[in-house]
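Trainee: Let me give you the structure first, and then I'll get to my questions.
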Amino acid sequence: MRSRGNRYRSGAVMRILYFHQHFSTRAGAAGTRSYEFARRLVDRGHHVTMVCGSYGVGRTGLDGPFVNGQRRGVVDGIEVIEFELPYANSDSFLKRTATFLRFAARSIKVALAPNYDLVFATSTPLTVAIPGIVARILRRRTFVFEVRDLWPELPRAMGVIRNPVVLAGMSLLEFCAYRLADGCIGLAPGIVEGIRRRAPRTPVAMISNGSDLSGEGASELPAHLNELLRSLDGKLKCIFAGAHGIANGLDAVLDAAVELRHRQRDDIHLIFIGDGMMKPKLMRRAHAEGLHNCTFLDPVPKRALANFLREMDVGLMILADVPAFYNGTSPNKFFDYIAAGIPVLINYPGWLAQLVTEEGCGVVVRPGDPVEFADALERLTDWNVRRGMGEKARRVAEAKFHRDSLALQFIDFLEGVAGGKAPV
């Protein structure tokens, strides 16, 4: 093991500094992986300090006033430090970049504190690795980096970032993060492969996003969702629950909606839940083209979303047709869908498409083919087909992606890295 700061002994308590800019509890409408894993670290006996920003659709659990740009408190046993740095998926690229850099700068001060044993940072953004790198070099602390998306590979592939200087800077930061980390976690096979290419000696584990099967904390549906369900009674209810950004390629769903309208399939309805930069444009298009088979909703807290998904018939797993996405993403929504026991329609190849095909828990369609997309939805109007796929989806969630099992893998990996026993 390359770390010079490994003092952890099996069974000993670790003080963990956990950086996640977009941290949220179940009260928010964002992913809760960090909350769930931090809670389980606390249950194992470790002390966790979560450092985060103010994510628009998230909820940190703190509601007191900010003092000198931050507020602190304990949430379900997790010590939370929240910086007053608002962030929303609809922010411009420049505003988001500025927020990322400000969060990294403020986090460095926390990383220079003496009272912790291990620093863990989870992207995105890539800049969240900066306090971990500082802790590794200046405080000689164990550093573990979790990679949720490969940067700058994904933005380069999408054409979102073209400036060669920016791309070079991001590549250097990526290289330093992987090489200086005492261990890395990748959420998808392509991410793990990308880390190993850049840092072949760094221990790496694949721990994907997971399915919450406990039902803990579930809440009743808001009135507007119950009203929507009543209005759609007897129709095939297909849901996309996630960010509405460039990467999501949601025009593909609207293209399928146009095809369904041509076929006069008014019995198939498409529901979009979430926010993002592209949402206003998508809504304008749906209105202009008279796509009454589409409904757009604001983000729903995780507590209510789990129950709402159980009322759906099909989960839509949609991404833009970018090869880097095929094996390089681990979307929360997929694991929420299979936890709800509903079949998944996925419109791009890769590791999740292969899983869906092998397990028979949904349908895979080709990117950019609205006819095939509509054909698949028509097939899924058969209740017997849906029931079989949905039962298989739930079994896959239980057998392969149970969040409790993944949390144990996560904790074992962190303890292994801290103790110098993590395999490469």
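Trainee: What ³J(HN,Hα) values, in whole Hz, does the Karplus curve 6.51 cos²θ - 1.76 cosθ + 1.60 give for the range 378-387 when θ = phi - 60°, with x put for Gly and Pro?
Mentor: 4, 4, 6, 6, 6, 4, 5, 5, 4, 4
Trainee: Another one. Report for the chain the percent antiparallel among DSSP-assigned beta bridges with both residues inside it, nearest 5.
Mentor: Just about 15 percent of them are antiparallel.
Trainee: What residues qualify as long-range amide H neighbours of residue 296, i.e. H under 5 Å apart, gap of 5 or more or another chain, H built at 1.01 Å from N?
Mentor: Under 5 Å from the amide H of residue 296: 272.
Trainee: Jot down the per residue volume, in cubic angstrom and as a whole number, of the convex hull over the alpha-carbon atoms of the chain.
Mentor: 135
Trainee: Could you work out [θ]222 nm for the chain from helices alone, using -39500 (n - 2.57) per DSSP H run of at least four and dividing by all its residues? Round to the nearest 500 deg cm²/dmol. Could the numbers behind the result be given before it?
Mentor: Working: 16 runs with 178 residues, N = 424.
-13000 deg cm²/dmol, from helical runs alone.
Trainee: Now for a separate question. Relative contact order for the range 223-400 using alpha-carbon pairs under 8 Å, separation at least 6, rounded to a whole percent?
Mentor: 23
Trainee: Using the Karplus curve 6.51 cos²θ - 1.76 cosθ + 1.60 with θ = phi - 60°, what ³J(HN,Hα) values do you get for each residue of the range 116-127, in whole Hz, with x for Gly and Pro?
Mentor: Residue by residue, the range 116-127 yields 7, 10, 9, 10, 10, 10, 10, 8, 8, x, 4, 5 Hz.
Trainee: Whole angstrom only: what separates the Cα centroid of the range 178-245 from the Cα centroid of the range 19-78?
Mentor: Here the answer is 18 Å between Cα centres.
Trainee: What spacing in nm lies between the two simple spin-label points modelled at residue 408 and residue 160, each 7 Å away from Cα in the Cβ direction?
Mentor: 3.5
Trainee: Ok, one more. Spin-label point model (7 Å from Cα, Cβ direction): what's the residue 391 to residue 310 distance in nm?
Mentor: The answer from the label model is 1.9 nm.
Trainee: Related question: What is the angle, in °, between the Cα long axis of helix 279-288 and the longest principal axis of the Cα atoms in the chain? Nearest 10 is fine, range 0 to 90.
Mentor: Between helix and principal axis, roughly 10 degrees.
Trainee: Report, by chain and number, residues whose modeled amide H sits under 5 Å from the one on residue 70, excluding near sequence neighbours (fewer than 5 apart, same chain).
Mentor: Placed amide hydrogens put 84 under 5 Å from residue 70.
Trainee: Now for a different question. Alpha carbon centre of the range 388-406 versus the range 249-322: separation in Å?
Mentor: First find each Cα centre; the distance between them is then 25 Å.
Trainee: Residue by residue through the range 86-102, which ³J(HN,Hα) values in whole Hz follow from phi under the Karplus form 6.51 cos²θ - 1.76 cosθ + 1.60 (θ = phi - 60°), with glycine and proline marked x?
Mentor: Going residue by residue, I get x, 9, 9, 4, 7, 4, 5, 4, 5, 5, 5, 4, 4, 5, 4, 5, 5 Hz, with x marking Gly and Pro.
Trainee: Would you mind classifying the range 223-400 by shape? Square roots of the alpha carbon gyration tensor eigenvalues, ordered a ≥ b ≥ c; an a/c under 1.5 is rounded, otherwise it is prolate if a/b is larger than b/c and oblate if not.
Mentor: Taking the square roots of the gyration eigenvalues as a ≥ b ≥ c, the range 223-400 is rounded.
Trainee: Where a Cα-Cα gap under 23 Å defines reach, which lysines qualify for residue 237, not counting those fewer than 8 residues away within the same chain?
Mentor: Filter leaves 279, 281, 302, 333, 392.
Trainee: Could you tell me the relative contact order of the chain? Use alpha-carbon pairs under 8 Å, at least six residues apart, and round to a whole percent.
Mentor: 16
Trainee: What's the magnitude of the charge dipole for the chain around its Cα centre, counting Lys and Arg as +1 and Asp and Glu as -1 at the beta-carbon? Answer in Debye, nearest 20.
Mentor: Dipole magnitude for the chain comes out near 1840 debye.
Trainee: With both bridge residues required to lie in the range 1-124, what share of the DSSP beta bridges run antiparallel, to the nearest 5%?
Mentor: 30
Each reported figure results from applying straightforward, stated rules to the coordinates on display, with no laboratory input. Remember, predicted model here, so these are calculated numbers, not experimental data. Please note: Cβ atoms are built from the backbone with ideal geometry, for glycine as well, and neighbour counts cover all protein chains shown.
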